[in-house]
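In what follows, a structure is listed as structure tokens, so that the remarks can point back to it.
The values are calculated or read from the model by the stated rules, or taken from the named source; none is laboratory data. Predicted model only: the values in this text are computed from it and were never measured. Heads up, the Cβs are rebuilt from the backbone with ideal geometry, glycines too, and the neighbour counts pull from every protein chain shown. When the accessible area is computed, the model is the full protein with side chains, heavy atoms only, and any ligands, DNA or RNA have been set aside. Shrake-Rupley method; radii C 1.70, N 1.55, O 1.52, S 1.80 Å.
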Amino acid sequence: MTGFEADPAALEALARTLEDTAEEYGTAADETGASGDLGPVVSDVLRALTGEWADRIRAVRADLDATAASVRTAAAVYRTGDANAVDQLRRTDG
């Protein structure tokens, strides 16, 4: 058999994994922060640096969430296509 075959259940599992990973990134971003008394200058610089890291981690999280949504959409499209093909074949077979 030639052609392309999609597994919607596997796509759904991938979407869940991406969402779980995104959640972990969100937690990491929320936990990123300067702590301790390192003096005002060092604390300000460290706070700025960790803030930048947190923003980048949040951006990765957003990308993962968007990818998960796209994968879920693909799974739905494949399921719909399969259902439509089965329906067409049943009508053709009479």
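Helix 8-31 versus the longest principal axis of the chain: what is the Cα-based angle in degrees, 0 to 90, to the nearest 10?
Its long axis makes an angle of about 10 degrees.
Quote the charge dipole size of the chain about the Cα centre in Debye, to the nearest 20; the model charges only the Cβ of Lys and Arg (+1) and of Asp and Glu (-1).
For the chain, the charge dipole is close to 340 debye.
Quick check for you: with a 1.4 Å probe and neighbouring chains kept, what is the accessible area per residue of the chain, in Å²?
I get 74 Å² per residue for this part.
Using a probe of 1.4 angstrom, how much of the accessible area of the chain is carbon and sulfur, in percent?
56 percent
In Å, what Rg and Dmax follow from the Cα atoms of the chain?
Answer for the chain, Rg first and Dmax second: 22.5, 81 Å.
Over the chain, what is the mean sequence separation of C-alpha contacts under 8 Å (at least six apart), divided by residue count, expressed as relative contact order in percent? Show your work: numbers first, answer last.
Values: 66 pairs, mean separation 41.0, N = 94.
Relative contact order comes out at 44 percent.
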